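Just below is one structure, and these are the notes that go with it.
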Amino acid sequence: MRKILLASTAFLMACSAEAQKSDYGPPSEVQDIYAIASEPSADRIRTDIQTLVDFGTRHTLSETESETRGIGAARRWIFAEFEKISKDCGGCLEVIYVSDTISGERRIPEPTEVVSVLAIQKGSIDPNRYVMMSGDIDSRVTDPLNGTSDSPGANDNASGMAGVIEAARVLSKRKYAGSIIYAGLSGEEQGLFGGEIVAAYALNQGWEIKGVLNNDMISNISGIDGVIDNSSVRVFSEGTRANETEAEARTRRFTGGEVDSPSRNLARYIKAQADQYLTNLDVMMVYRLDRFGRGGHHRPFNQVGIPGIRIMETHEHYDRQHQDLREEDGVEYGDTMEGVDGPYAAKLTALNMITMAGMAGAPPFPANVEATGAVKPSAKLTWETPDNADNLAGYRVHWRLTTAPEWTHSRFIGKVNEWEFKNLVIDNYFFGVSAVAMDGSETPVVFPGAAGRF
Ligand SMILES: [Zn+2]
């Protein structure tokens, strides 16, 4: 009798542990992401920037035959470096070139092969879902057509490229549910051609890229404005999806979403990850596609509907961008190693890594998210769970005032596909939903409708 009693007590205890689990949800922090944040090496990043600088020029129109100078040598070195990293993780990376021939363009008049390098780390549960980190291979000086002069491009953009390689070194030691792409893009300075070619390639392959983290200039801490700042970073994101249809824009006009494109909610996610997992780095979200009138390699992805943002230093120094190496009236011009701060580049690389670890570790993003609730005292969200959700713990709903720049309120609600926000009038708040993995990894918040769709 006593034995039976004990057994049933144990059973009861097991039941209540189960109940507790589902009541309180998964952990709100992923311990391994703290470790990841501390792993990028400033020395390795600095060494890789130096190696890229030592190719003399990496201009898209520079020579490709030499093993020591020009963009051909540079891309082959990047390819070899990814292969080396892959060897260290038992062949966990597939390294490929993605290229196309461009001609008849203002900055690429003659037929030129624009070649990017991708290293792909396949996910274990949901391999067709990707997050991408990109930097650029190419550099330029004052004349955008000058493919022969020395063009070190240390900060612009060997820094971003070196960050990508370092991220591959660290994250390839781990396994994730979703896939990660480490990308060196080319042709940026000539008109964003590498990004355009890779975006088309991704669509063609049917890859579902949920976010492109475009790193362009991540090592300069001393601005033209005289400010020296190694503890903030800018994240640029578009407010509405570039490829929304006229009908989708009309719907958005009536239901909202002007500041909730997937790219914008990706930016909010990056800020939230930094607040949780990084010290000494404040993310300044900039609510615009890119700097005023200027371009970057996330744009061609946005153009075809792939969420993407630009990560970069807060204070730029224009004497060190796109300049012939020279001295004029005592001022040094040129993008040389002197402008590179290794620890700062490592910190911004860590920002990318904690973002990719979170997104790749998360379950599939909530699909077909819809909001309803006009003329009712409560609002309702519905969504669907895609396939390959083996690591799904449940969903978290989010809400905020319409003027709030970030999500302010959230609640874990378990494994359901709808939620009613009692006593919250739909007119007065924005709503969204994220998917949470058993280990606590979470997707960005998905805003309802076509406006917010990832
Ligand atoms: Zn540039």
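Site pair Asn428 and Ser232 shows an inter-label distance of 3.3 nm when each label is modelled 7 Å from Cα along Cα→Cβ.
A simple spin-label model places the labels of Ala247 and Asp54 5.8 nm from each other, with each point 7 Å out along Cα-to-Cβ. Between Leu203, Gly296, Phe421, the Cα set farthest toward the positive side of the dipole of the chain (charges on each charged residue's Cβ, about the Cα centre) is that of Phe421. Distance from the C-alpha centroid of segment 233-275 to that of segment 48-93: 35 Å, rounded to the whole angstrom. Scanning the chain for long hydrophobic helices, with DSSP H runs required to stretch 15 angstrom or more by C-alpha along their axis and to average at least -1.0 on the Kyte-Doolittle scale, returns 2-24, 42-53, 71-88, 159-171, 193-205, 342-361.
The Cα atoms of the chain give a gyration tensor whose axes a ≥ b ≥ c have a/c of 1.5 or more with a/b greater than b/c, which makes the shape prolate.
Taking a point 7 Å from the Cα of Ser103 along the Cα-to-Cβ direction, the residues of segment 37-80 with backbone N closer than 19 Å to it are 60-65.
Sorting Lys380, Lys347, Lys173 from the fewest to the most surrounding beta carbons within 10 angstrom yields Lys173, Lys380, Lys347.
This ranking places Phe254, Phe412 by how few other beta-carbon atoms lie within 10 Å of each, fewest first, which gives Phe254, Phe412.
Just to check, using Stokes-Einstein with a Kirkwood Rh over alpha carbon pairs, what's the diffusion coefficient of segment 157-301 at 10 °C and 1.306 mPa s in µm²/s? Estimated diffusion coefficient is 92 µm²/s.
For Thr47 and Lys122, the difference between the fully extended length at 0.36 nm per residue and the C-alpha to C-alpha distance is 24.2 nm. For the chain, the relative contact order is 18 percent, taking Cα pairs closer than 8 Å that sit 6 or more residues apart in sequence and dividing their mean separation by the residue count. Hey, with R₀ at 41 Å, roughly what FRET efficiency would Met284 and Ser66 work out to, going by the Cβ-Cβ distance, to 0.05? My answer for the efficiency is 0.50. For segment 133-182 versus segment 363-380, the inter-centroid distance based on Cα atoms is 39 Å.
Each Lys or Arg adds one and each Asp or Glu takes one away; over the other residues whose Cβ falls under 14 Å from the Cβ of Glu246, this sums to +2. The value for segment 288-356 of Rg(Cα) / (2.2 N^0.38 Å) is 1.40. Taking the number of Cβ atoms within 10 Å of each Cβ as an exposure proxy, the fewest-first ranking of Met356, Met161 is Met356, Met161. With 23 Å as the limit, the listed pairs Lys210/Lys422; Lys84/Lys122; Lys210/Lys271 have Lys210/Lys422 beyond it between alpha carbons.
Read-outs throughout are calculated quantities, based only on the coordinates presented, and are distinct from any laboratory measurement. Predicted model only: the values in this text are computed from it and were never measured. With ideal geometry, Cβ positions are generated from the backbone for all residues, glycine too; neighbour counts draw on all protein chains shown.
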